[in-house]
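The values are calculated or read from the model by the stated rules, or taken from the named source; none is laboratory data. All figures in this text were calculated on a predicted structure; none of them were measured in a lab. All Cβ positions, even for glycine, are placed from backbone atoms using ideal geometry, and neighbour counts span all protein chains on display. Only protein heavy atoms, including side chains, enter the accessible area calculation; ligands, DNA and RNA are left aside. Shrake-Rupley method; radii C 1.70, N 1.55, O 1.52, S 1.80 Å.
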Amino acid sequence: MKAGVRPGPRVYGTGYLMEWQRVYYKMGIAISSVSQFEMELQRAKVLEHDLIKSYVRLPDLQQKRMVEFAHSIGIPVATHEIYPAALVGADNTDHTSATSRRGYSPKAATMQRTYDDVIQLFGKSGRFLTPTMFGSGVRMFELEPGLKDDPRFKLYPEWMQKQVAQMATTRGTEPGAAGKMVLDVMKAGASIVAGTDTPNAINLHGELLAYTLAGMSNFDALKAATVNPAKALGLDAGTIEAGKLADLVVVEGNPLANITDAHKVKRVIANGRVFELDQLLKTPTTQITQ
């Protein structure tokens, strides 16, 4: 979008997951020493990353150093951890449970129950939680069987179109204990940032639906996908005000009454320029008409 070649979203990026000694995911980098770690931090600065991700094997001392470095260049740090991450100032915790190098989940105990000590760590540190309610996108297809034929899915790569087809025939799950954790964390004072751990965009709308099924208001769910992510990245954005970036979507319906209406996009305004849905569904051209 910045180049003006074709319409697209604003993209804020990070680099590889910073991992220690070995990796599990291919988007991680195995850092072998303190000196390499310092070089990786410098690379994040030179490449102007918008966030740094501390992964699960990074030692606590290195995580502390990462936070100090990231904050010195004005960007946040995300992690799976809650403690000692909250103590050293890591800004964002990803997932309600997920991978941990400690041999146990520091966020959810038996039966996925999250106790008050964890909730208060989230609240008192004023951090962000990106829950990633895995599988929540499936509920969208249960509520709208015709959604599987949405022409926007044709813009997906073939492998993701197959994923969508499979989602349309899978049974969804209730938010359960993870949903309760999200509500409790928000009530304690933390901010919820909607995220999916997958590039499949319909999962974002499923994520918002899961929040509301867990008891969150539609207004707070919409904040989780707008103003809260902006705050998490330190951006003066996410609200409709004079002087803010004119990045808007116009939808059919009212997401404040029905959260799933948020996916029914009819018009996109990107950096003040208006695009109709039919225009965006056409084969991309090499140049935007001015």
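Could you please report the charge total around THR79, scoring K, R as +1 and D, E as -1 over all other residues with beta-carbon less than 15 angstrom from its beta-carbon?
Values: positive: LYS53, ARG57, LYS64, ARG65, ARG101, ARG102, LYS107, ARG127; negative: GLU19, ASP60, GLU68, GLU81, ASP91, ASP94, ASP197.
Overall, the nearby charge balance is +1.
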| Given a 1.4 Å probe, how much area per residue of segment 1-71 is accessible, in Å²? | 61 Å²
| Nearest 10 degrees, 0 to 90: helix 34-46 Cα axis against the chain principal axis | 30 degrees
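Which value, in debye to the nearest 20, gives the size of the charge dipole of the chain about its Cα centre, when Lys and Arg are +1 and Asp and Glu are -1 at the Cβ?
Result for the chain is approximately 380 debye, rounded to the nearest 20.
What is the calculated FRET efficiency for ILE240 to ASP261, with r their C-beta to C-beta distance and R₀ = 22 Å, to the nearest 0.05?
Details: r = 17 Å, r/R0 = 0.78.
Approximately 0.80, to the nearest 0.05.
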| said: Assuming 0.36 nm per residue, please report the length gained on full extension of the stretch LEU248 to GLU48 beyond their Cα-Cα distance. | reply: 69.4 nm
| query | Relative to the longest principal Cα axis of the chain, at what angle does helix 158-167 sit, 0 to 90 degrees, rounded to 10? | reply | 90 degrees
| task | Could you please state, rounded to a whole Å, how far the C-alpha centre of segment 38-101 is from the C-alpha centre of segment 259-281? | result | 34 Å
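Rolling a 1.4 Å sphere over the protein heavy atoms, what is the accessible area per residue of segment 156-290, to the nearest Å²?
On the way: 7570 Å² over 135 residues.
With the other protein chains kept in place, segment 156-290 gives 56 Å² per residue.
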| field | Correct option for volume of the Cα convex hull per residue in Å³ [calculated from the coordinates] among (i) 165; (ii) 179; (iii) 152 | value | (iii)
| note | Measuring from the longest principal axis of the C-alpha atoms of the chain, the long axis of helix 176-188 (C-alpha) lies at a number of degrees, nearest 10, equal to 80 degrees
| said: I'd like the distance separating the alpha-carbon centroids of segment 111-174 and segment 186-239, in whole Å. | reply: 12 Å
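Per DSSP helix of 4 or more residues, -39500 (n - 2.57); summed, then divided by the residues of the chain. What does that give at 222 nm, rounded to the nearest 500?
Numbers: 11 runs with 99 residues, N = 290.
My calculation for the chain gives -9500 deg cm²/dmol from helical runs alone.
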| request: Just order 203-210, 175-182, 44-51 by mean Cβ neighbour count inside 10 Å, highest at the front, would you? | output: 203-210, 175-182, 44-51
| Antiparallel content of DSSP bridges confined to the chain, in %, to 5 | 35 percent
| task | Kindly state, to the nearest 0.05, the FRET efficiency for LYS162 paired with ASP117, given R0 = 41 Å and r defined as their beta-carbon distance. | result | 0.45
| query | For the chain, which whole-number percentage of the solvent-accessible area (1.4 Å probe, protein heavy atoms only) is attributable to carbon and sulfur atoms? | reply | 56 percent
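Would you mind putting 37-43, 185-191 in packing order, based on average other-beta-carbon counts within 10 Å, highest first? Kindly include the intermediate steps, with their values, before the conclusion.
Numbers: 37-43: 15.4, 185-191: 19.7.
Answer by packing, highest mean first, reads 185-191, 37-43.
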